[in-house]
Structure formats: C-alpha cells, structure tokens
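What follows is a single structure, written as structure tokens, with notes after it.
The values are calculated or read from the model by the stated rules, or taken from the named source; none is laboratory data. None of the values given here were measured: they were computed from a predicted structure. In this analysis, Cβ positions are derived from the backbone assuming ideal geometry, glycine residues included, and neighbour counts consider all displayed protein chains.
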Amino acid sequence: MKVSNGVACTTGGLKINENMQVVKNDGNAFDNLYAIGEIAGGYLINYVGGDSLSRSSISGMLLGREIVK
C-alpha cells in the first residue's frame, strides 16, 4: 500500500463501542449504525501522516467480523 502525507485529520468524531457501533449520549448503541477509521472519535492526539490507514484497516476488519456474526 502506497502511503503519503496529507493535511486532513479528524480530531472529533463519533463515540463508538468495542463493536464499532455508534453510541448515543446515554451510552446505548444505535441499531445498525457503525463508524470506523478517522470518523470514530477519541483517536488522534498527535497526527502522524498515514497512520489513519492502519486504524481504518483494522477497525474495518473488526467491523466485518462483527457484522458476519
């Protein structure tokens, strides 16, 4: 995979649980609503160019496993 630096980053995002489900303010998950990669919050404090690709790949793999259950 070719990786190059970019200028974009997400410092906010949606709160998710361990199953990549988007979580409401009351702590309950939305049905059939998932977030992976940079859109999921609580990830970036210090951005290193290209590191979001591994976050996206791994969280996408975990979400795929969760969906096929």
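Observations, loosely collected:
- Total residues in the range 1-30, condition more than 17 Å from Gly64 (Cα to Cα), under 11 Å from the mean Cα position of the chain (by Cα) and modelled with pLDDT of 80 or more: 2
- Residue list for the range 31-61, restricted to those being modelled with pLDDT of 80 or more and exposed (fewer than 15 other Cβ atoms within 10 Å of the Cβ): Asp31, Asn32, Leu33, Ser57, Ile58, Gly60, Met61
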